[in-house]
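The structure appears below as C-alpha cells.
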Amino acid sequence: LRTPLSVRDDRLFIEDCDTVALAEQFGTPLYVVSQSHLRYNVRHWQTTFEEHWRAGPVRLYPSLKANPVIAVRRVLAEENTGCDIFGPGELECALRAGVTGEDLSVNGSIKDEPVIRKALEHGARIILDSPRELDLCEQVAADLGTTARVLLRLKPDIRSLNLESDFAPGMQVSYLTQIIKYGIPTREVLELAGRINEFTHVEPVGIHVHMGRHSKRPEVWEAWVRACVKLTREVSDVMGGWTPDCIDVGGGFPSPLDPDPDVAVIHYETPPLEVFAATVGSALHSSLIEHGFDTEGIRLELEPGRGIHADTGIHLSSVINVKEEDVGIDYRWAEIDTAETFLDGHGFNLERPIYDYFIANRMDAENAALYDIVGQTCNAEILTHRLPAPLLNPGDVIAFLNTGAYGEPNAANFNALPRPGMV
C-alpha cells in the first residue's frame with residue numbers, strides 16, 4: 001500500500017473514497033484516478049529536477065498520450081505544466097482542457113498543413129521531425145503573418161553504449177534508437193541546419209530527443225544526454241554558433257511501482273527519481289560545457305508520461321462468476337468484468353500478473369486458494385495465473401494497481417465491449 005491508497009474497515013480506499021462504493025455508484029469496469037496524487041507527482045518531479053539543474057528553468061511537458069482524459073489534463077494545466085501532444089485529436093483535447101498555446105509542443109512523425117496551421121494559430125511550438133515540416137512551417141507562418149517557434153528532433157548516436165533494451169531483449173538500445181522512425185536523420189538535420197537561417201518566419205528555439213522506455217539504468221540516460229549535446233554542437237556549428245534556448249530530453253522515465261506490461265525486462269530495481277534527476281542534470285551541464293556552450297539560462301525540459309501518471313490510478317472490476325475443477329486437475333477461475341484490452345496488456349500472463357491487485361471489499365481476508373483471475377472477452381484473458389486470494393465470490397471487487405498511464409487511451413472495443421469510464 002502506497003499513497004493515495006489505504007485500508008479502512010476492511011475496504012480499500014483511494015484518497016477518502018471507498019473503492020467498493022465507487023464500483024457500486026459508477027459500475028465496473030472503472031478507471032479511478034487520484035487528483036491529489038497527480039498534483040503531488042507533478043510537484044515532486046518539478047522540484048527534484050530543479051535541485052539538479054540550476055543553470056536555467058525546468059519545465060515539464062507531460063505527454064498527453066499517457067492519459068488524454070480532459071479532466072485529468074486540466075489538473076496538469078492548473079499545475080502549470082506544458083503539454084506534449086501528437087496529432088490533431090490530442091491538440092484539440094489539450095485546448096479543451098485549457099492548455100494555452102504557448103504551453104503546447106506539437107510532436108509526431110507526420111504533421112500535415114491543417115495541424116500545423118491550427119497549432120500556429122494558437123501560438124504552439126512545433127517539434128520538427130523532417131525537413132518537409134520546416135518548409136510547411138515557413139509557408140503556414142508566412143500565410144498567418146506569424147513566426148513558427150520550432151525545436152529540432154534529433155537522433156543521438158549512443159553506439160558506444162553496449163546495453164540491451166528492456167523493451168526488446170537481444171537488441172541494443174543504440175540500434176533501436178537509430179532505426180525508430182522518429183526524429184530527423186542526422187544527415188538530413190545537418191542539411192536542414194545549413195538553410196534554416198534563410199527562413200524569415202521560422203525561429204529555431206530548441207532541441208528535442210526522445211529515447212522511450214528502453215532502460216531505467218542511469219548510465220543509459222547519461223549516455224543519451226551526452227550524445228544529444230554532442231549532436232547539438234554539430235548542428236550549432238552548421239548554423240553559425242546557435243545556442244538553443246531549451247533542450248528537451250524526452251520521456252520514457254519509469255514509474256517506481258509500475259510493472260510496465262509491455263516491457264519484457266523488469267526484474268531489476270527502479271532507481272528513485274532523484275537518481276534520474278542527478279544523472280540528467282550532471283550529464284547535461286558537463287557536456288554542454290565540454291562542447292563550448294554557455295549553460296546560463298538554458299531550459300531543461302522533460303516529458304514524463306508513465307512516470308507521472310502510473311501510480312495515480314487503479315482499475316476496478318467485479319467478480320461475475322467463480323468456477324472450480326477437481327477432475328484431473330485442481331483449478332479455480334475467477335471471471336471478472338474487465339478485459340486485457342482495458343489494461344494495456346495481453347491476456348496470457350503466466351509468469352507475472354498483469355498488475356498487482358487487491359480484493360478491495362475484503363482487504364483483511366486471508367488467502368485461501370490459488371486462482372486464475374480472467375477477463376471477460378473470448379481471448380484467454382489470464383490476467384493472473386495461480387496466484388493466492390481469499391475464497392472469491394460473485395460481487396467481490398478486484399482493484400488492479402498503478403493503471404493511471406496508457407490503460408484508458410489504449411482501451412479497445414474488442415467483442416464490441418464499451419470502454420470503461422474514468423472517475
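Overview of values
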| read-out | value |
| --- | --- |
| Surface accessible to a 1.4 Å probe, per residue, for the residues of the range 165-223, Å² | 45 |
| Computed magnitude of the charge dipole of the range 154-245 (debye, nearest 20; Cβ of K, R +1, Cβ of D, E -1) | 280 |
| Phi to ³J(HN,Hα) by Karplus 6.51 cos²θ - 1.76 cosθ + 1.60 over the range 215-224, Hz, x for Gly, Pro | 6, 10, 7, x, 5, 5, 5, 5, 4, 5 |
| Top of PRO88, PRO272, PRO131 by mean-square fluctuation, Gaussian network on the chain, Cα under 10 Å | PRO272 |
| Per-selection Rg to Rh, the range 1-63 - Cα, Kirkwood hydrodynamic radius | 1.17 |
| Phi to ³J(HN,Hα) by Karplus 6.51 cos²θ - 1.76 cosθ + 1.60 over the range 172-183, Hz, x for Gly, Pro | 6, 4, 4, 6, 5, 6, 8, 7, 4, 5, 6, x |
| Amide proton proximity set for SER63, modelled H, under 5 Å, gap of 5+ | ASP84, GLY305 |
| Point-charge dipole on Cβ atoms (K/R +1, D/E -1) for the range 16-155, about Cα centre, debye to 20 | 280 |
| Lysine pair count for the chain [Cα-Cα under 30 Å; pairs on different chains or 8 or more apart] | 17 |
| Cα gyration tensor shape for the range 223-322, rounded if a/c is under 1.5, else prolate or oblate | prolate |
| Nearest 10 degrees, 0 to 90: helix 87-96 Cα axis against the chain principal axis | 80 |
| Percent accessible area from carbon and sulfur atoms, the chain, protein chains only, probe 1.4 Å | 50 |
| For the range 1-92, size of Cβ-based charge dipole, Lys and Arg +1, Asp and Glu -1, in debye | 300 |
| Derived scalar couplings ³J(HN,Hα) [the range 39-46; Karplus, 6.51 cos²θ - 1.76 cosθ + 1.60; whole Hz; x for Gly, Pro] | 4, 4, 4, 4, 5, 5, 4, 4 |
| Most fluctuating residue given options SER286, SER36, SER160, as computed from a GNM of the chain linking Cα atoms under 10 Å | SER160 |
| Value of Rg/Rh across the range 277-376 [Cα atoms, Kirkwood radius] | 1.28 |
| Cα-only Debye scattering, the chain: base-10 log of I(q)/I(0) at q = 0.06, 0.09, 0.10, 0.11 Å⁻¹ | -0.28, -0.60, -0.73, -0.86 |
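The values are calculated or read from the model by the stated rules, or taken from the named source; none is laboratory data. Since this is a predicted model, take the numbers as computed values, not measurements. Because the Cβ atoms are built from the backbone with ideal geometry, glycine has one as well, and the counts that use them run over all protein chains shown. When the accessible area is computed, the model is the full protein with side chains, heavy atoms only, and any ligands, DNA or RNA have been set aside. Shrake-Rupley method; radii C 1.70, N 1.55, O 1.52, S 1.80 Å.
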